[in-house]
Amino acid sequence: MTDSAARTRQRRRAFIRGWNRCIRRVRHAVTAYVSPLGWTAIALAAAGLALFLTLGYTEALAICLVLTAMLLAALVLSIGNTSFDAAISVTDRRVNVNDVVSVQVDVSNPGTTPTASARADLPLGDEHERFGIPMLAPRQSKQTTVTFTALSRSVLTVGPLTIRKGDPFGLMRHEHRLADHFNVYIHPKIVMLGSLHAGIPRDLEGNPSGDIVDDDLDFHGLREYELGDDVRHVHWLSSARTRTLMLRQYEATRRTDTSVTLDVNPDDYMSKDEFELAVSVHASIGVQALLEDRPLYTHVSQSNLNPRNPMELLDACSAITPDFHDSRNLAQAALATTPDASFFCFTVGHAKPLDDIRRMMMALPPSATCLVLQTTPNEPRTLRRFPDFTLATVRTLDDLPQIMGALR
């Protein structure tokens with residue numbers, strides 16, 4: 001008797017779980033199928049019916065009947081097979097500003113029954129491209145090409161494709177997403193430069209710097225042992241000859257690490273075009289450093305990057321955005337990542353005060369070459385040399401090769 005009651009309770013629980021699961025699926029289907037406007041029509045129809053039954057308003061009954069008829073018509077018009085397959089491809093995922101990009105959308109019917117006509121919605125960043133999909137026979141496909149011009153630097157998200165089937169009233173809709181989204185990188189404009197040895201010491205890997213240290217590669221000489229010195233650097237043959245502990249000394253070598261920093265605080269720029277000019281200057285310097293196989297470190301707001309090739313750098317530059325929280329002292333981030341760099345380059349806006357630039361440059365090592373490129377769209381290019389750094393103003397991107405050439 002006890003076993004029979006337990007089995008009955010188990011069957012009852014299984015029935016309740018199955019019923020609740022069925023209700024959730026129906027609720028989800030209805031919620032996904034009826035649009036917000038459709039729910040408004042249902043509520044008005046129900047209110048009209050309630051007013052007729054309680055107060056006898058025939059006008060309310062008429063409204064209820066009209067809305068009900070519209071809902072039924074919308075239901076019939078929105079029914080249809082929308083089991084499509086879709087694929088999205090693009091001519092090039094890395095383009096430059098003003099390039100024309102073509103996105104190809106292939107929609108097919110993989111089933112054995114015809115599909116209904118539907119609408120397709122393809123997101124292109126913040127914009128949406130909408131086009132119709134006709135009825136497709138089994139195994140039939142439809143190809144649509146969407147073209148657009150890359151007007152500004154950005155990382156543009158394309159997709160996913162959404163297929164919608166609904167009624168003309170907008171009361172019912174049936175939609176599902178097809179194909180994955182991907183990014184199209186719109187690179188900033190850049191200009192090719194001459195060799196970066198202009199204004200930069202040619203301290204190739206392992207070349208001596210003139211500084212004498214206790215541990216490096218290039219042997220310099222000997223000195224007497226002092227308390228606290230590392231005995232691993234003792235030169236025993238010389239110590240035996242002089243009867244005094246003698247330590248090796250070396251001439252310090254330097255690397256050609258290049259540190260490139262961009263000011264992204266909007267308060268330092270007069271316009272959006274000036275900010276884009278600064279990004280292009282930043283990218284041009286970085287690309288030239290990578291073409292010369294220099295170790296490059298870039299600093300943009302809170303992002304520190306060590307790109308391996310120009311394409312990786314340009315992809316990162318496509319995503320640069322203004323940041324009001326950017327540090328006023330750009331040298332701090334550069335020194336934290338590349339304290340031993342031989343070349344520091346900072347690109348700043350026209351509104352950044354000269355006193356701030358001077359204080360920023362004081363923290364950099366005196367052995368490094370420091371260059372500040374300041375964008376000034378409304379002023380001619382100039383070149384000013386200070387004891388700790390060189391300040392160049394850039395009016396247009398075409399000024400940059402001439403400025404770098406003048407630094408030789």
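Odds and ends about this structure:
- Figure note: Trp19, Trp39 ranked by solvent-accessible area, largest first, 1.4 Å probe, ligands and nucleic acids not counted: Trp19, Trp39.
- Rounded to the nearest 500, the helix-only mean residue ellipticity at 222 nm of the chain stands at -10500 deg cm²/dmol, with each DSSP H run of n ≥ 4 adding -39,500 (n - 2.57).
- Other residues lying with their Cβ under 14 Å from the Cβ of Arg177 contribute a combined charge of 0, Lys and Arg counting +1, Asp and Glu -1.
- Pair Arg11, Ser238: separation of 7 Å Cα→Cβ label points (nm): 9.9
- Contact order normalised by residue count of the stretch 253-408, Cα under 8 Å, 6+ apart, percent: 27
- As a fraction of the 1.4 Å probe accessible area of the chain, surface on carbon and sulfur atoms comes out at 55 percent.
- Per residue accessible area of the stretch 279-395, 1.4 Å probe, in Å²: 45
- Rolling a 1.4 Å probe across the protein heavy atoms gives the stretch 128-195 an accessible surface of 54 Å² per residue.
- Rolling a 1.4 Å probe across the protein heavy atoms gives the stretch 47-109 an accessible surface of 56 Å² per residue.
- Across Arg21, Arg119, Arg359, mean-square fluctuation computed from a Gaussian network of the chain (C-alpha pairs under 10 Å connected) peaks at Arg21.
- Summing charges over neighbours of Leu397, with a neighbour being any other residue whose Cβ is under 10 Å away from its Cβ, gives -1 when K and R count +1 and D and E count -1.
- Counted charge near Ser303, where neighbours are those whose Cβ lies closer than 11 Å (Asp, Glu -1; Lys, Arg +1): -2
- Efficiency of FRET from Cβ geometry, Asn20 and Glu379, R₀ 45 Å, rounded to 0.05: 0.05
- Loop chymotrypsin sites (Phe, Trp or Tyr not before Pro), the stretch 286-387, which have at most 15 other Cβ atoms in a 10 Å radius of their Cβ (DSSP): Phe324
- Stretch gain in nm, segment Arg177-Glu226, where the contour uses 0.36 nm per residue and the Cα spacing is subtracted: 10.2 nm
- Relative contact order of the stretch 322-408, taken over Cα pairs closer than 8 Å and 6 or more residues apart, is 24 percent.
- Listed values (i) 27, 55, 17, 1; (ii) 21, 50, 27, 1; (iii) 19, 30, 26, 17, 7, 1, 0, entry calculated as P(r) over Cα pairs in 20 Å bins from 0, in percent: (iii)
- Applying 0.36 nm per residue to the separation of Tyr57 and Thr145 and subtracting their alpha-carbon distance, the gain on full extension is 26.2 nm.
- Taking all Cα pairs closer than 8 Å and separated by 6 or more residues, the relative contact order of the chain comes to 12 percent.
The values are calculated or read from the model by the stated rules, or taken from the named source; none is laboratory data. This structure is a prediction, so every number in the text was calculated from the model and none was measured. Virtual Cβ from ideal backbone geometry, glycine too; neighbours counted across all protein chains shown. Just so you know, the surface numbers come from the protein's heavy atoms only, side chains and all, with ligands and any DNA or RNA stripped out. Shrake-Rupley method; radii C 1.70, N 1.55, O 1.52, S 1.80 Å.
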